[in-house]
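A.B. asks: Take a look at the following structure, please.
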Amino acid sequence: MTTEIAIIGAGIAGLSVASELAEHRGTGEGILVLEAERDVAMHTSSRSAQQLIPSYGPEPVLELTRWSIARLLEAGSDLAAPLAWPSPFVVAGSPEDVAAMTVPGLKEISGGELFELCPELRGNPQRFRTAAVDESAVRTDATALVAWHRERALAAGVEIRTNSRVTNVRRAGDLWELTLDAAPQETVRAATVVNAAGAWADEVGALFGAVPQGLQPLRRTAALVSLAEPMPPEHPMVDDAAEDWYYRPDAAGAMISLGEAEPSEPCDAQPHEGAVAGLIATIERETSLRITGVVKAWTGLRTERPSDVPVCGWDPVAAGMFWLAGQGGYGFQTSAALARAAAELVLRGEVGDWLSPATRDALAPDGSPDQSATPR
Ligand SMILES: Cc1cc2nc3c(=O)[nH]c(=O)nc-3n(C[C@H](O)[C@H](O)[C@H](O)COP(=O)(O)OP(=O)(O)OC[C@H]3O[C@@H](n4cnc5c(N)ncnc54)[C@H](O)[C@@H]3O)c2cc1C
């Protein structure tokens, strides 16, 4: 079959750009999303902490995050349940470590104020001498957000095919011909292909002969645990400035993680043996939280570019292949802005001035002088 735009990958990146493209074009017809797995969002997009933090990340990420939060709050106001809601973020530690972990302008609080807010840290006054609070951080429900994009895309006429891994690519005149690992084996032709393949994006790019973006998947393990003493739902997410372990309240009790970043091949990552026990031991050693059980534990891959800024733009050599990858630990918090930037670049060749020139440049694929000069 032939389609106008094929999108490889149905995580938050692929589905959000599908729904945004459909909205900008006035129809989703001619857009086909190809997902390798039996369902959408089975990899990193179902394994996150679901937090959107406007003070977390390099400057281009902060701008994308501010825009995305505003968009999700506004879009959610028309829905039965919000897409995002307030969920403050606290970085705690020594003054030096806290300053190194945060952006200027956040509310600073003393150790005493921190212990009022987070009594579970009280036993460690030498370590937690100060904190910075980001009161503009929000939480999302990743499953609901993915479903919202999926439903908007489907309602507009986008086709989403699961069990359809792209295994081979060749040039067929002005089009790309994608071979699918589906039964029966099939090919799809498209002039424009969006590479939103998450941890696999560089491997997929190689099928097109695209310029490698140095994308590195990094493992991170997390768990939902039950607690002896429940944390109130309004309790902030807490991040340790020195070692990066974190926790936040959850309906189950708490979500906890060591915040590690261990290089990996693209794969269906699973926790190492003993990792969850080690994680629980750290949280119990450093806080007075008492963990009574593990509801669920998982490992996900955060895939980063060397610059720590996502890549969103046309590949400089593989004409018609568009990168939307390298979101690292920011894939949800930047999703709305990245989807809009990607849709504008795909359809109009440029991003509007709602995004600063510096951020537009930072998103450009490596190997290209700038977005507007990139040949299609
Ligand atoms: C523990 C953890 C905590 C996190 N916390 C946060 C957070 O609080 N806030 C935040 O913003 N971000 C967070 N992140 C990061 C966020 O989850 C990711 O940035 C985001 O999910 C990436 O989405 P994606 O769509 O690019 O990738 P994925 O969800 O992995 O989607 C890529 C899809 O491409 C498909 N695919 C790959 N190759 C092919 C192929 N050849 N053919 C067809 N399909 C293919 C895959 O099957 C997959 O479904 C966290 C990540 C982890 C691991």
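A.B. asks: So if R0 is 56 Å, what FRET efficiency would residue 295 and residue 172 give, r being the distance between their Cβ atoms, rounded to the nearest 0.05?
C.D. replies: For R0 = 56 Å, the calculated efficiency reads 0.70.
A.B. asks: While we're here: Using a Förster distance of 25 angstrom, determine the FRET efficiency expected from the C-beta separation of residue 100 and residue 361, and round it to 0.05. Spell out each step's value before the answer.
C.D. replies: Details: r = 26 Å, r/R0 = 1.03.
The computed FRET efficiency comes out at 0.45.
A.B. asks: So, one more: Apply the Karplus curve 6.51 cos²θ - 1.76 cosθ + 1.60, θ = phi - 60°, to the phi angles in the stretch 128-139 and return the couplings in whole Hz, x for Gly and Pro.
C.D. replies: Ordered by residue, 3J(HN,Hα) equals 9, 8, 7, 7, 10, 10, 9, 7, 8, 5, 9, 10 Hz.
A.B. asks: Which cross-chain or sequence-distant (5 or more) residues have an amide H under 5 Å from the amide H of residue 165, H modelled 1.01 Å from N in plane?
C.D. replies: HN-HN under 5 Å from residue 165: 181.
A.B. asks: If you place +1 on the Cβ of every Lys and Arg and -1 on the Cβ of every Asp and Glu, how big does the dipole about the Cα centre of the stretch 56-154 come out, in debye to the nearest 20?
C.D. replies: The calculation lands at about 180 debye.
A.B. asks: If the only charges are +1 at each Lys and Arg Cβ and -1 at each Asp and Glu Cβ, what is the size of the charge dipole of the stretch 173-293 around the Cα centre, to the nearest 20 debye? Could the numbers behind the result be given before it?
C.D. replies: Details: 6 positive and 20 negative charges, 37 e Å.
With Lys and Arg at +1 and Asp and Glu at -1, about 180 debye.
A.B. asks: Taking the Cα centre as origin and putting +1 on Lys and Arg beta-carbons and -1 on Asp and Glu beta-carbons, what dipole magnitude results for the stretch 253-376, to the nearest 20 debye? Working shown, then result.
C.D. replies: Numbers: 9 positive and 16 negative charges, 78 e Å.
Around 380 debye, computed over the stretch 253-376.
A.B. asks: Which one of 80, 168, 252 is farthest out on the positive end of the charge dipole of the chain, using unit charges on Cβ (Lys, Arg +1; Asp, Glu -1) and the Cα centre as origin?
C.D. replies: Among 80, 168, 252, the one farthest towards the positive end of the dipole of the chain is 168.
A.B. asks: Which of the helices in the chain meet the span-like rule: DSSP H, Cα axial reach of 20 Å or more, Kyte-Doolittle mean at least 0.0?
C.D. replies: Qualifying helices: 59-76, 142-156.
A.B. asks: With θ set to phi - 60°, apply the Karplus curve 6.51 cos²θ - 1.76 cosθ + 1.60 along the stretch 96-104 and write out the HN-Hα couplings as whole Hz, x wherever there is a Gly or Pro.
C.D. replies: Those phi angles translate into 5, 5, 5, 4, 5, 8, 10, 9, x Hz.
A.B. asks: Share of antiparallel DSSP beta bridges in the chain, in percent to the nearest 5?
C.D. replies: That works out to approximately 75 percent antiparallel.
A.B. asks: Charges on Cβ only, +1 for Lys and Arg, -1 for Asp and Glu, centred on the Cα centroid of the stretch 112-216; of 201, 128, 144, which one is farthest towards the dipole's positive end?
C.D. replies: With unit charges placed on the Cβ atoms, the residue in question is 201.
A.B. asks: Within 10 Å, count the other beta carbons around each residue, average over each peptide in 138-144, 167-173, and list them highest first.
C.D. replies: Packing proxy ranking, top to bottom: 138-144, 167-173.
A.B. asks: Follow-up. Compute the semi-axes of the equivalent ellipsoid of the stretch 3-79, taking the square root of 5 times each eigenvalue of the Cα gyration tensor, and list them largest first in whole Å.
C.D. replies: Rounded to whole Å, the semi-axes are 24, 17, 12.
A.B. asks: Say the dipole of the stretch 237-334 comes from +1 at the beta carbon of Lys and Arg and -1 at that of Asp and Glu; which of 292, 311, 264 then lies farthest toward its positive end?
C.D. replies: Towards the positive end, the residue furthest out is 292.
A.B. asks: Take every Cα pair under 8 Å in the stretch 177-254 that's 6+ residues apart, average their separations, divide by the length, and report that relative contact order as a whole percent.
C.D. replies: After rounding, I find 18 percent.
A.B. asks: Could you derive backbone 3J(HN,Hα) for the stretch 256-272 from the dihedral phi with the Karplus parameters 6.51, -1.76 and 1.60 (θ = phi - 60°), listing whole Hz in sequence and x where the residue is Gly or Pro?
C.D. replies: Those phi angles translate into 10, 7, 7, x, 7, 9, 9, x, 8, 6, x, 5, 7, 5, 10, x, 5 Hz.
Bear in mind that the values in this text are calculations on the coordinates, not laboratory data. These numbers were taken from a predicted model, which means no experiment stands behind them. All Cβ positions, glycine included, derive from the backbone under ideal geometry; neighbour counts span all protein chains shown.
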